Amino acid sequence: MRRYRAADRAAVAAVCLKTAASGGDATGVYSDDALMPEVYALPYVEYAPDLAFVVEVDGRVAGYVLGIADTEEFIDWYARVWAPAFRERHPVAGPPTAHRPAYTEAQLVADGGDSERMRIPELDDYPAHLHIDLLPELQGRGLGRRLIDALRATLAERGVRALHLGFDAANVGARAFYERLGFHELPSSRPGAPRFGISTR
Ligand SMILES: CC(C)(COP(=O)(O)OP(=O)(O)OC[C@H]1O[C@@H](n2cnc3c(N)ncnc32)[C@H](O)[C@@H]1OP(=O)(O)O)[C@@H](O)C(=O)NCCC(=O)NCCS
């Protein structure tokens, strides 16, 4: 495990794509494989490369945790910098693929251009947030716990009290993992859109 470097960008995008279908491979699920990484991975390493940790196996990045210390500041940056360029690249949803995902391309494209989706009611108490993904061959070896521990420790050092995250309700493995690590459900969590939080210490 090590800190993210600029040269890891494409590998991080690839890991995101391969884990973006409720934890499974999302290749070909949307009309453009760049969409998922452009919403859930690349803005993170662009804005906060210092809060990204990767797992490297045989010289290849195969997992990461991506963190944001102050989600409110990230929302402002996303609205000013990332969303306009994203909307230019993806003005409309592409043609449907054979996969018909529950999280539709129309919703994904709308989310990519919408910074406000990240403004959760608990932001004052849980200002940080994260995304974590490991390729299948690295799962179940304690690396997810180590990545989260590394990010929590870094956030704690910076004086950030707590963090939150959201996940796909269909991703039962992610729920079990977060519960095992001590995350708890936040008041704004919904059965269709679960949201968890944890202190950084
Ligand atoms: C979810 C994910 C990050 C977990 O990382 P991981 O390295 O596989 O998990 P770890 O091996 O560190 O497990 C930590 C603890 O959680 C438990 N756990 C992990 N996955 C679990 C599962 N599917 N069911 C039950 N418990 C689980 C482990 O048993 C372990 O408990 P222990 O430390 O007390 O022994 C990883 O599996 C992954 O990237 N999955 C695909 C992408 C994904 O779903 N990302 C999250 C999107 S919100």
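Values for this structure:
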| item | result |
| --- | --- |
| Yes/no for THR97 being touching a strand residue (DSSP E or B) at 6+ places or on another chain (Cβ under 9 Å) and of a type in the set (Val, Ile, Thr) | no |
| All positions within region 153-179 that are over 24 Å from ARG3 (Cβ atoms) and without any contact (Cβ under 8 Å) to a residue 24 or more places away in the chain | VAL172, ARG175, ALA176, GLU179 |
| Near pairs, Cβ below 8 angstrom, 6+ apart or cross-chain, from region 63-86 (more than 26 Å from LEU143 (Cα to Cα)) to any residue that is polar (S, T, N, Q) | ILE75/SER115; ASP76/SER115; TYR78/SER115; ALA79/SER115; TRP82/SER115; ALA83/SER115 |
| Residue match in region 188-197 (condition: farther than 30 Å from ALA26 by Cα, away from the ligand (no atom under 11 Å from the Cβ) and loosely packed, with under 14 Cβ neighbours inside 10 Å) | no |
| Residue in region 140-152 that is among the small types (Gly, Ala, Ser), surrounded by fewer than 21 Cβ atoms within 10 Å (Cβ to Cβ) and touching a residue at least 12 places away in the same chain (Cβ under 8 Å) present | yes |
| Inter-residue pairs, beta-carbon under 9 Å, first among the acidic types (Asp, Glu) and in region 10-35, second surrounded by 18 or more Cβ atoms within 10 Å (Cβ to Cβ) and assigned to a loop (DSSP other than H, G, I, E, B), 6+ apart | ASP32/HIS90; ASP33/ALA26 |
| Filter result for the condition that a residue is among the small types (Gly, Ala, Ser), over 15 Å from the mean Cα position of the chain (by Cα) and within 16 Å of ALA52 (Cα to Cα), over ALA153, ALA106, ALA110, ALA162 | ALA153 |
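Read-outs: derived from the displayed coordinates by stated rules, not from any lab. The structure displayed is predicted, hence computed values, not measured ones. Every residue, glycine as well, gets a Cβ built from its backbone with ideal geometry; the counts of neighbours run over all protein chains shown.
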